[in-house]
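Trainee: Quick one: the structure is below, and I'll ask about it shortly.
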Amino acid sequence: MPTIVVDVMPKAELLDPQGKAVAGALARLGNNEITGVRVGKRFELTTDGPVDDATLAEVRRIADDLLSNSVIENVVGVTVVDGATVSTEAGTGETVAP
Amino acid sequence: MPTIVVDVMPKAELLDPQGKAVAGALARLGNNEITGVRVGKRFELTTDGPVDDATLAEVRRIADDLLSNSVIENVVGVTVVDGATVSTEAGTGETVAP
Amino acid sequence: MDAPGIHTDSSVAEEAGSRAGRIDSTRRHRTATPLPRDVRPYRGAPSAVSTPASPTAVADTVENAKATPEKEQPYGALGLKPDEYAKIGEILGRRPTSGELAMYSVMWSEHCSYKSSKIYLRQFGQKVTPEMTKNLMVGMGENAGVVDIGEGWAVTFKVESHNHPSYIEPFQGAATGVGGIVRDIISMGARPVAVMDQLRFGKIDDPDTARVVHGVTSGISFYGNCLGLPNIGGETYFDPVYQGNPLVNALSVGVLRHEDLHLANATGAGNKVVLFGARTGGDGIGGASILASDSFDSTGPTKRPAVQVGDPFAEKVLIECCLELYRDDLVQGIQDLGAAGISCATSELASNGDGGMHVELSHVLLRDPSLTPEEILMSESQERMMAIVEPEKLDAFLAVTAKWDVETSVLGEVTGTGRLVIDWHGEEIVNVDPRTVAIDGPVYERPVAYPTWIDALNADTASTLPRPQTSDEILSQFLALVASPNLASKNWITDQYDYYVLGNTALSFPDDGGMIRVDEESGLGFAIATDANGRYCQLDPSQGAKLALAEAYRNVAVSGAVPAAVTDCLNFGSPENPEVMWQFSQAVEGLSDACLELGIPVTGGNVSFYNQTGDTPIFPTPVVGVLGIIDDVARRVPSGWQDEGHNIYLLGT
Amino acid sequence: MRIGVVTFPGSLDDRDALRAVRLADAEPVALWHGAHDLDGVDAIVLPGGFSYGDYLRAGAIAAHAPIMAEVIDAAGKGMPVLGICNGFQMLTEAHLLPGGLIRNDVGTFVRRDQALRVEQTDTAWTNGFTAGQEIVIPLKNGEGGFIASDDELDRIEGEGRVAFRYLGLNPNGSLRDIAGVTNERGNVVGLMPHPEHATEIGFGPDTADAMRSGIDGLTFFTSAIRALQAV
Ligand SMILES: Nc1ncnc2c1ncn2[C@@H]1O[C@H](COP(=O)(O)OP(=O)(O)O)[C@@H](O)[C@H]1O
C-alpha cells in the first residue's frame, strides 16, 4: 500500500511563532548549535490502488488547494514512499530532495 | 547552511482527528482514491556549522525529548537536507528511508 | 446501578495493574502490521450498512465454552479474584466465554461496580426527606441527576474524575475527561451548557509539575472551548501529596425541557440497538492497556494504545446530532459509552429495560479492523453513543445522523428473552442475564481501621507555632502567603477558558460560583459552585466533607441563588487500605448528614479510588458541587465591589 | 432586513450571532453549510467556533463548504459579509480577505475583554462607529495571529483596509496590531474579536459602569442594517 507524503512549511519570509517557541526552548535547554527552527506539517496519504502520474497530479492539486494555504505556506514536497511503512528512524545523511 | 528535517507522526494505533477531518474533506470534495490521511509535523532545524554525527545524535535526542511526545507520537525521520532550502517539489518515487 | 451515577476513572491503578494481560486465549497472532494501520476511510456519508469486521478471529463461542469446561482463563490478569471468577461460573452454569469474561471483568471492576463504596453510598439515598426530593425528576443511579427548576425547565449535572489518565498523558487525559462527563449530560436528553474543572497538582516547583499542569489545563481548554461550552469555574490547588497522582475532576451541567428527559433503558421488543459516533478503536481497552506496554514491541501482537485521543469536534457534532434526534422524538432510550464501552452500554441498557437484547458485534464500525471481539467489547473509544430506536423511526434516525456526518450502525434489537446475547459473525459469544453484569456485581464490606496517626496530627495545632513579633516578620509572612500558589490568582489558567460562548454566562471566574441563564425570556437560571479542602479532610474526613458542602452551599447562596442539589466526586486512596476505607466511610457519613441538615439531596457523582503515589494515599478529597436556582439572573450578586458608596457588612461569627 | 448566520459542523457562536441580529432589530435567518442557496438573505455572518475542529488550518475545510460558493458569489456582488473569528479565518482561506491567521504567539488559547480602535468606518459593518473610536469586545481564540508579507501589509494599510487594531495589549502577535480587515469595497469585513458577545447588557464585557455591561458589538449589526437601507 503506497503512501504519499505531502510536506507543507510556513513561508520563509513570514512569522512562525511555533518555530520561534521551539528555538527558544532549545536555547534554554542549552543547545546553541541549532540557530533556527520552523514548524510545518507532514501529511501521509494512503491509497488503496497503485500511485500513477494521474494520482500524483491530483495529490499536487489537493496539496495546493486544501492541504496548504498559498498565502502563508508552501508545499515543499510531494513524495511517494514505497512499501507500507515509513521507518521509525531514517538513516542519517539521506537527502529527501535534490 | 544545512537543514535537518525531523518528521513526527501520531502513533498509528491512535485516533488522529486531524487526519480524519482531512480525509472527510477530501471525500466531500469528490476524491475517493485517498483512503486514509494522517497528519504529523515537520520540523526544519538549521545550524550555522556543519552537521556531523554528534549533531545528529543531539538532534535525535531533541526529537525524542522535545519535538515529539512519545506517548502519542513517533519520530519517523531525522534527515539532513543539503543546501539552504528544501525544494518546492520533490521528485516522485523517492524513498525517504529504507 | 444503585450507586450514584456511572463510571469512575477509566483507568484505575488496581485494574491497570492486574488486567495488563488481555485475553490471549482468542488473540490471533499477527505479524507486524504495516504503518499506518488506521486507514479505514472516513467517508462523509455514514452507512447504515456496517462494514463487517475481519472475520478471521476464532471466537470462543458459548458452545465452545460448554464443550471445554476445563479451559484455563486469565481471569486474574483481568482483575478478577478467584471467588469472583467462581461466581461467574455459578451464574452461568458453565465457564464464561472469553467475551463474557471481558464483560464481567470490566463491569465488576471497582470503577464500574462501586463494589467497595456501594454500602456507604446508600446513605445518600436514605438520609432524605420528602421535601428534599420533591424537585428531583431523576435521582441517583442514572447517568446524572435531574432537578426541576420550574417553568418547565430542568437541569442535570454531575462531576467525574479522570485522574489517572491525566497523569499519564495530561493533555489527552484531561481533554477526554471533559468529553466523558459531557456525554453523560447529553445522554439525559439535555443540552450541555457549562463545564467546570477541579484540579489538584503536586508541588509547584517539582520538575514534573509543569508537564502535568500545562498539559491538563490546555487539554481542558482545548476540549471545552472546541465543544463551545462556557467554563464557569473550578478549583486549583498544589500540594506534594498529589505529586504522582494529580486530581482532574470535570463537571458538566445541561438543561432540558421536562418532556425531553431520556433514560438509559432498552424497552420494547423489536426496537433497534444503534451505535453512532466515532468508530471503535483499540483505545484504553478495559482501562488496562497502560501497563501492557511490555508487549508494545513490533513483533508481538498489535499494539494497543495506552491513551485515548479526544476529538472534541466529533463530540460537538454528536451533541447537535443527539439534540436533533431528541427534538424529532427519534430516540427511545440512550446511553453514552464511557468506561467499559459496549460492555457497559449493552448490559446497562438491557438491565434497565424490560426484556433482553440481541446484538451482532461484527456490525460495529471499526477504526482498527484487527480488533478481536473481546477488545471491541472492552474498547473505551471516545465520542460514541448507543440508542434504542423504534423500527419505524430508524430511517428518520439515520437521516439525522447522515445530516451531521455521524457514522451509524445498527447492531441488533431489543428482545423479550431477558438475556443479553451477543454474536460474532453469527456465532453466539455472549449469553448472559444483563443484570448479573451491570447490577448484581460483587459488593464488599472492606475492613475499616481508625488511622493511628490522626490524633497526633490533630494535636499538632497551629497554637504551638511562633507568632510574628516584628513588623518585618509580619510583612514576610504576608508576602509568603500572597506568593503561595494556592492563594495566587488563577487567571493564568482561567484566561484560557471561554466563558462567553452560548451568551448566557451571568457569573464566572473570579466569582465564587458560576451562573447561567436558562430561559432568555424570564431570566430563570442556575448557579453552581464546587469546593473541597483535602487538608481539612486529612485532619477529619467527616468535618472536612461537611465543610466542603458548606462552602459550596455558601458560594451558591451569596450569588443570589437558592441551593437545590448536590453532586460529588470522592477522590480517595486504595479501598484495600483499611485507613483509607475509614476516611471514606467518615466522609460519606459526614457529607450525607450535612446534606440532610441543609436539606439538599445528592443527585449523583463519582468515586475514584486508588489515588496514591506508591503506598501513600492522597488526602481524602471529596469534591462537592452545589447547584442553586435563581428566578432571574439579572438579580445575581457578584463577588467584587460593584459601585462606589456601597456599605460593607461582615456577616456570621 | 434578513441577516443570515451560517452554521458549519463545529460552529459554536452561531446562536449568539443569531441573537445579536435579533437584538439589532433585524430578522435572524439560520443557514446551513451544505445548502446551495442563501435563502434570500440581505447580509451574512460567518460565526465563530471550531469548524471541522480547525484541525487542518482554522477555517480551511469550512472554506470549501457548498454554501461558501454562494457566499463568495454574493460578496462579489456587494452583499455585506461579516466573518467573526472562525468566520474571519474562513474568509482569509477563501481569499476574500487578505493575509492569514496563525497560532497565537503566546501559544495558548486566549480569552479576554479586548480594547480595539475602529480604523475604518467606511464599511458595511462599521459605519455606525466614529473614526478612531475605542471599543471593548470579547476576544477568544487560539489561532488569531494575523500575518501577511510586509508588502501586503503596506498595501492594505495604504488602501485603508485595516478595519480594527488591538489597543493596549496585542493578545496574539498579530502584525501591526491588526485585529480586523475589510475588502476593497467595504462589504466584506473580518475580525478576530467577537462583536456578538457584546450586544446584551449582563452578558458582555465588563465596563467602567458595571460588570458584563458592554454592548459595543451591537453597532456592527446596526451598521449593516443601515448600509442595507442606504442601498
Ligand atoms: N481550574 C479552574 N477552572 C476554572 N476556574 C477556576 C479554576 N481554578 C480556579 N478557578 C476560578 O478562579 C477563581 C478564583 O479561584 P481561587 O483563587 O481558588 O478563589 P476562591 O478561593 O475564591 O475559590 C474562582 O472563580 C474559581 O472558580
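Trainee: With all protein chains present, how much of the accessible area of region B:3-89 (probe radius 1.4 Å) comes from carbon and sulfur, to the nearest whole percent?
Mentor: 48
Trainee: Using only DSSP helix segments of four residues or longer, with each worth -39500 (n - 2.57), what per-residue ellipticity at 222 nm results for chain D after dividing by its residue count and rounding to 500?
Mentor: Calculated mean residue ellipticity at 222 nm is -6500 deg cm²/dmol.
Trainee: Something else now. Excluding ligands, DNA and RNA, what is the accessible area buried between chains D and A, summed over both sides, using a 1.4 Å probe, to the nearest 100 Å²?
Mentor: That pair hides around 1300 Å² of surface in total.
Trainee: For a quick check, take a GNM of chain D with Cα springs below 10 Å and name the residue from D:MET192, D:MET79, D:MET211 with the largest mean-square fluctuation.
Mentor: Maximum among the listed residues: D:MET211.
Trainee: Semi-axes, largest first, in whole Å: what does sqrt of 5 times each Cα gyration tensor eigenvalue give for region D:106-229?
Mentor: So the three semi-axes of region D:106-229 are 22, 20, 11 Å.
Trainee: Per residue, what volume in Å³ does the Cα convex hull of region C:140-296 take up?
Mentor: 152
Trainee: When we measure straight from the Cα of A:LYS11, which lysines land under 17 angstrom away, once same-chain ones fewer than 8 places off are left out?
Mentor: Straight-distance partners of A:LYS11: A:LYS20, A:LYS41, B:LYS41.
Trainee: At 25 °C and 0.890 mPa s, grab the translational diffusion coefficient of region C:374-525 from Stokes-Einstein with a Kirkwood Rh over Cα pairs, rounded to a whole number in µm² per second.
Mentor: 101
Trainee: Starting at 0 and stepping by 20 Å, how many percent of the alpha carbon pairs of chain C end up in each bin?
Mentor: Once binned at 20 Å, the Cα pair distances of chain C give 19, 54, 23, 3, 0.
Trainee: Something else about it: Quantify, in whole percent, the carbon and sulfur part of the accessible surface of region C:231-281 (1.4 Å probe; protein heavy atoms only).
Mentor: The nonpolar share, carbon plus sulfur, comes to 52 percent.
Trainee: If I fit a long axis through the Cα atoms of helix C:98-107 and take the longest principal axis of the Cα atoms of chain C, what angle between them do I get, 0 to 90°, rounded to 10?
Mentor: 10
Trainee: Treat every Asp and Glu Cβ in the protein assembly as shown as -1 and every Lys and Arg Cβ as +1, leave all other atoms uncharged, and give the resulting dipole magnitude about the Cα centre to the nearest 20 debye.
Mentor: Roughly 660 debye, rounded to the nearest 20.
Trainee: At 1.4 Å probe size, with the rest of the protein present, what percent of the exposed accessible area of region C:508-566 is carbon and sulfur atoms?
Mentor: After summing per-atom areas, the C and S share lands at 47 percent.
Trainee: On to the next question. For region B:3-89, calculate the relative contact order in percent as a whole number, restricting contacts to Cα pairs under 8 Å that are 6 or more residues apart.
Mentor: 51
Trainee: Send over the semi-axes of the protein assembly as shown's equivalent ellipsoid, whole angstrom and largest first, taken as the square roots of 5 times the C-alpha gyration tensor eigenvalues.
Mentor: 42, 38, 31
Trainee: Over what distance in Å are the Cα centres of region C:64-139 and region C:457-509 separated?
Mentor: If you average the Cα positions of each part, the centres end up 43 Å apart.
Trainee: Continuing with the same structure: With every protein chain kept in place and ligands, DNA and RNA left out, what is the accessible area per residue of region A:3-89? Probe 1.4 Å, answer in Å².
Mentor: 40
Trainee: Something else about it: So, in nm, how far is label C:GLN543 from label D:ASP206 when the simple model puts each one 7 Å beyond its Cα toward the Cβ?
Mentor: About 3.6 nm separates the two model spin labels.
Trainee: Let me ask something else. Need one number: nm distance between label points at C:THR616 and C:VAL562, each 7 Å from Cα along Cα→Cβ, rounded to one decimal.
Mentor: 4.7
Trainee: Between C:GLU63 and C:SER522, what is 0.36 nm times their sequence separation minus the Cα-Cα distance? Round to one decimal in nm.
Mentor: Extra length available between C:GLU63 and C:SER522 comes to 159.0 nm.
Trainee: How many Å² of accessible area per residue for chain D, probe 1.4 Å?
Mentor: 32
Trainee: Also, I was wondering about something else. Express the Stokes-Einstein translational diffusion coefficient of region D:2-230 in µm² s⁻¹, to the nearest whole number, given a Kirkwood radius over alpha-carbon pairs, 25 °C and a viscosity of 0.890 mPa s.
Mentor: Answer from the Stokes-Einstein relation: 145 µm²/s.
Trainee: Here is a further query. At the nearest 100 Å², what buried accessible area, both sides summed, do you get for C and D when the probe is 1.4 Å?
Mentor: Result for this pair: about 2800 Å² buried.
Trainee: What lysines sit close enough to C:LYS393 to cross-link, taking a C-alpha to C-alpha distance under 24 Å and skipping anything fewer than 8 places away on the same chain?
Mentor: Hits, sequence-local ones excluded: C:LYS272, C:LYS316, C:LYS403.
Trainee: So, one more: Students often forget the sequence filter, so: which lysines lie under 18 Å Cα-Cα from C:LYS66 once same-chain residues fewer than 8 apart are removed?
Mentor: Once the sequence-local lysines are set aside, what remains near C:LYS66 is C:LYS87.
Trainee: Computed FRET efficiency, Cβ-Cβ of C:ILE91 and C:GLU644, R0 60 Å: what is it to the nearest 0.05?
Mentor: 0.25
Trainee: While we're looking at this one, here's another question. Considering all projection directions equally, how large on average is the shadow of the alpha-carbon convex hull of region A:7-55, in square nanometres?
Mentor: The number I arrive at for region A:7-55 is 5.5 nm².
Trainee: Probe of 1.4 angstrom, ligands and nucleic acids ignored: what's the accessible area per residue over region C:491-590, in square angstrom?
Mentor: In whole numbers, region C:491-590 has 29 Å² accessible per residue.
Trainee: How big is the antiparallel share of DSSP beta bridges in chain D, given as a percent to the nearest 5?
Mentor: 55
Trainee: How compact and how long is region B:3-89, expressed as Rg and Dmax of its alpha-carbon atoms in Å?
Mentor: Every Cα atom of region B:3-89 included, Rg and Dmax give 15.8, 48 Å.
Trainee: With only alpha-carbon atoms counted, please give the Rg and Dmax of region C:463-620, in Å.
Mentor: 19.1, 59
Trainee: Am I reading the A/B interface right? What is its buried accessible area, both sides, 1.4 Å probe, to the nearest 100 Å²?
Mentor: 4700
The values are calculated or read from the model by the stated rules, or taken from the named source; none is laboratory data. Note that the structure is a prediction, hence the values are computed from the model and not measured. Quick reminder, even Gly has a Cβ in these numbers, built from the backbone with ideal geometry, and neighbours come from all protein chains shown. Calculation scope for accessible area: heavy atoms of the full protein, side chains included, ligands and nucleic acids excluded. Shrake-Rupley method; radii C 1.70, N 1.55, O 1.52, S 1.80 Å.
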